[in-house]
Every structure is written in C-alpha cells, then in structure tokens.
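Step one of this worksheet: look at the structure below.
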Amino acid sequence: MSHIISRIEIYRLNIPLKAPVTIALGTIAEARNILVKIFTKDGLYGIGEGAPFWMIVGETQDSCLATARDFARLLLGKSVLDLDGNLRILDTFLTQNYTCKSAFDMALYDAAAKIANLPLYAFLGGTKRVITTDETVYIGSPEVMAEDAKAIQARGAEAIKVKLGKDPLEDIQRIQAIRAAIGPGLPLRIDANQGWNYVSAVQVLRAIEPYQVEYCEQPVKAWDYENLARVRANSPIPICADESLFTHVDALKLVRAQAVDYFNIKLSKSGGIHSALKIIAIAEAAGIPCMIGCMSESRLGITANTHLASARPTIVFYDLDSPFEHAVDPIPGGAVYEQHYQLHLPDAPGHGADIDADFLKTQECIVVN
C-alpha cells in the first residue's frame with residue numbers, strides 16, 4: 001500500500017510572544033510547542049502541532065520530544081488511514097501524554113483527509129461555517145486589564161475572555177473595572193484556571209452577577225468534582241469545565257456529577273480530534289453545549305481546532321486567539337482571521353495549513369525512519 005507510514009519528522013516549534021502572558025497558574029514568555037510530520041511511501045504527509053502548556057497538561061516540550069520519538073517508532077509501517085488503530089497503539093503504549101498524542105492525531109487526520117481529497121471539516125462529516133473567536137485579557141491590575149478590554153472592544157470583538165483566579169476581592173475589582181470601561185452589552189467570559197476554592201468562587205461569582213458574565217471556566221481545582229458541582233449549584237453564572245476535562249472519560253464523570261453547564265475542549269488537552277469527537281458525543285447526549293479553546297498553538301493548530309468547531313454545531317463558544325500573542329506567524333495556508341476575529345477555513349484537502357520551510361530550518365529536528 002502506498003499509504004504506509006515511512007518516515008516521521010519531529011520538531012521543536014519555538015514561537016516568540018509579543019509579551020509574557022499571565023494566568024492564575026503562572027506566566028509564559030514563549031510558545032514552546034512541537035510539530036510532527038508523518039510521511040507515507042508515496043510522498044504525501046500530514047502535519048500536526050501540540051502545545052504543551054505544562055502547568056495544565058503536565059508535559060513539557062522536552063518530554064513531548066522524547067515521547068514523540070517512541071510514538072514514531074510504533075507507527076512506522078502502519079497505514080496512515082487506520083486512524084483508530086494507530087491512536088489505540090499510542091494509548092496502549094503510554095497513558096496520558098495527551099498533548100504529544102494530539103500532534104500525531106492532527107497529522108494523521110490531515111493525511112487521511114488529503115488522501116480522501118476532502119477538507120478536514122468535510123472529512124469529519126461537517127460543513128464550513130465562519131467561526132468568531134473571542135480575545136483574552138490576561139491577569140494584571142484592574143486598571144491595566146480595563147485598558148486591554150477597551151482595546152479589544154475597539155477591534156470589534158463579540159466577546160472578551162478575562163483571566164482571573166488570584167485574590168478574590170481584586171478579581172471582583174477587575175470585572176468591575178472592565179465593565180465600567182467597556183460599558184454594557186459586550187459579553188464577558190471569565191476563567192479562574194483553578195485559582196479559587198469553593199468559598200471564594202461563590203463569593204466572586206455572586207458579586208459579579210450584575211456584570212453580564214456568560215460563564216466561568218474552572219473555578220476550583222481540576223480534581224475537585226464535588227466542589228465544582230457545589231459551585232455550580234450556588235452560582236448565578238454558568239460553570240464550564242476546562243482542566244477537569246481531558247478525555248471522554250472525564251466528560252462522563254462530569255455529567256454524572258452534574259458538575260458543569262459547558263465543556264471546554266482543546267485538542268492539545270484532549271489528545272486530539274479522535275478523543276474530542278468522543279467528548280462531543282457525550283456532550284450531545286447530555287445536552288451540554290461546548291466551547292473550543294486553545295493553549296499556545298500557532299495558526300496551524302488553530303486551523304485544526306477550527307475545522308472541528310466548524311464540523312460540530314454542539315461547539316457554540318470559540319476561544320481561538322493564541323496567535324494574537326505571537327510575534328511571528330510562520331504558517332502558510334490554513335484558517336485566516338478576517339475582521340480580526342472571524343476565522344475562515346480553506347477548502348484545500350486536509351486541514352490546509354503548513355509551516356514555512358525556512359522557519360522550520362531554524363528548529364531542532366528528530367527524524368525516525
């Protein structure tokens with residue numbers, strides 16, 4: 001068969017940021033991602049990106065590179081079209097490590113869709129629609145965050161995501177300052193990134209109820225399903241799972257616990273498209289709307305996330321703004337931002353994104369063949 005995997009290239013993908021970004025869990029100054037290119041004997045390749053936000057996923061760029069070398073050896077000689085079988089091999093070999101798995105998953109889906117001569121959204125059984133992302137205000141003083149929100153409003157955003165999860169009283173002041181600066185009407189979506197406990201979460205959420213907050217992501221620790229459910233029961237604002245939701249197994253537990261109103265799916269967190277589709281199936285059965293989020297992906301990873309969002313109408317919220325923070329964009333093709341926030345997908349086979357060859361020469365490469 002010509003669709004047999006013959007070579008896999010693994011790259012560091014280091015992308016400088018315009019400025020450091022801070023969330024409740026810490027600060028990053030550079031996107032330290034990985035890139036995987038899976039080649040078949042007939043010369044076709046699929047390309048995938050993983051963004052190991054180590055504070056959340058427990059993986060680093062270095063750990064992903066080491067894992068990716070092992071994964072690549074396991075896939076040599078396999079058919080690139082055997083999506084389920086190939087991904088089962090990776091899951092059987094090593095538990096978790098979802099960011100590294102997501103890069104392989106993305107590359108496999110890209111290759112399979114190219115062979116089918118279909119854009120990825122169509123390969124997934126969906127249609128093309130415009131996806132409109134929000135933009136994030138990162139943690140700073142209330143005054144600085146209010147100015148950042150005003151700038152986002154001026155660019156025409158339809159929603160603003162606000163990072164919180166530090167001191168509860170100052171978090172309340174942050175939302176008050178932002179709403180005062182931007183006026184009524186523009187929805188706010190807040191993300192505490194596990195920064196509160198049950199008491200402070202309920203305190204903040206009740207205090208900011210008047211300020212048009214659509215939902216709150218991950219108010220308490222990822223493992224604390226009991227208090228996540230308690231927060232939901234006592235919050236006037238809907239609750240969304242992020243760090244509590246990696247795979248479909250977590251999705252089922254969250255449904256059983258009646259812990260959240262929404263799911264936040266990220267390919268670098270879920271293990272890729274294959275696992276995300278299982279989460280979406282559970283969400284559909286439980287009547288839980290979903291959002292699609294990102295870590296620190298380039299426009300390549302964002303493109304694959306956008307294809308999934310386009311193909312599944314259960315995904316109704318979109319947080320795909322990580323390239324806004326990048327100082328360079330080394331990605332030809334792929335989804336493009338129009339009017340700053342509207343993501344438009346290409347009709348090329350696969351996900352349609354690639355990486356600039358000259359930029360790739362500057363990145364460390366591991367070849368497995």
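The values are calculated or read from the model by the stated rules, or taken from the named source; none is laboratory data. These numbers were taken from a predicted model, which means no experiment stands behind them. In this analysis, Cβ positions are derived from the backbone assuming ideal geometry, glycine residues included, and neighbour counts consider all displayed protein chains. Remember, those area values only see protein heavy atoms, side chains included, never the ligands or the DNA or RNA. Shrake-Rupley method; radii C 1.70, N 1.55, O 1.52, S 1.80 Å.
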Check: Compactness ratio of the range 76-228: Cα Rg over 2.2 N^0.38 Å, N = residue count?
Finding: 1.40
Check: If you build a Gaussian network model of the chain, linking Cα atoms that sit under 10 Å apart, which residue out of F263, F246, F123 swings the most?
Finding: F123
Notebook entry, point to check: If contacts are Cα pairs under 8 angstrom and at least 6 residues apart, what is the relative contact order of the chain in percent?
Noted result: 21 percent
Notebook entry, point to check: What share of the DSSP beta bridges in the chain is antiparallel, in percent to the nearest 5?
Noted result: 60 percent
Checklist line | Any cysteine of the chain lacking a neighbouring Cys Cβ under 4.7 Å - listed by number | finding: C216, C240, C290, C294, C365
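For every other residue with a beta carbon closer than 10 angstrom to the beta carbon of I208, add +1 if it is Lys or Arg and -1 if Asp or Glu, then tell me the sum.
Around I208, the charge tally is +1.
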Check: Carbon and sulfur: what percent of the range 212-366's accessible surface (1.4 Å probe)?
Finding: 52 percent
Item checked: Descending principal axes extents, the chain, alpha-carbon based, whole Å -> 62, 42, 37
Checklist line | At most 13 other Cβ within 10 Å, DSSP loop - GluC sites (Glu not before Pro), the range 287-369 | finding: E364
Note to self: Taking the solvent-accessible surface of protein heavy atoms with a 1.4 Å probe, what is the per residue accessible area of the range 241-306 in Å²?
What the structure shows: 25 Å²
Check: When only DSSP loop residues count, what trypsin sites (Lys or Arg not before Pro) in the range 139-215 have their Cβ near at most 16 other Cβ atoms within 10 Å?
Finding: R155
Check: Among all the aspartates and glutamates, which ones have a C-alpha under 15 Å from K166's C-alpha, if same-chain residues fewer than 8 places away are not counted?
Finding: D191, E217
Check: Using alpha-carbon positions, what is the distance between the centroids of the range 262-308 and the range 105-181, in Å?
Finding: 13 Å
Notebook entry, point to check: Span-like helices, the chain: DSSP H, alpha-carbon axial extent 15 Å or more, mean Kyte-Doolittle 0.0 or greater, which ones?
Noted result: 61-75, 83-93, 98-115, 168-182, 273-286, 299-311
Next item on the list: Using only the alpha carbons, work out the radius of gyration and Dmax of the range 1-109 in angstrom.
Entry: 14.8, 50
Notebook entry, point to check: What per residue convex hull volume, in Å³, comes out for the range 255-357 when only alpha-carbon positions are used?
Noted result: 111 Å³
Check: How much net charge surrounds D110 when only other residues with a Cβ under 11 Å from its Cβ are counted (Lys, Arg +1; Asp, Glu -1)?
Finding: -1
Notebook entry, point to check: Going down the table (K18/K266; K78/K101; K41/K114), which pairs top 20 Å between alpha carbons?
Noted result: K18/K266
Note to self: List the aspartates and glutamates whose Cα sits under 13 Å from the Cα of K269, skipping any in the same chain fewer than 8 residues away.
What the structure shows: E49, E59, D105, D242, E243, D250, E297
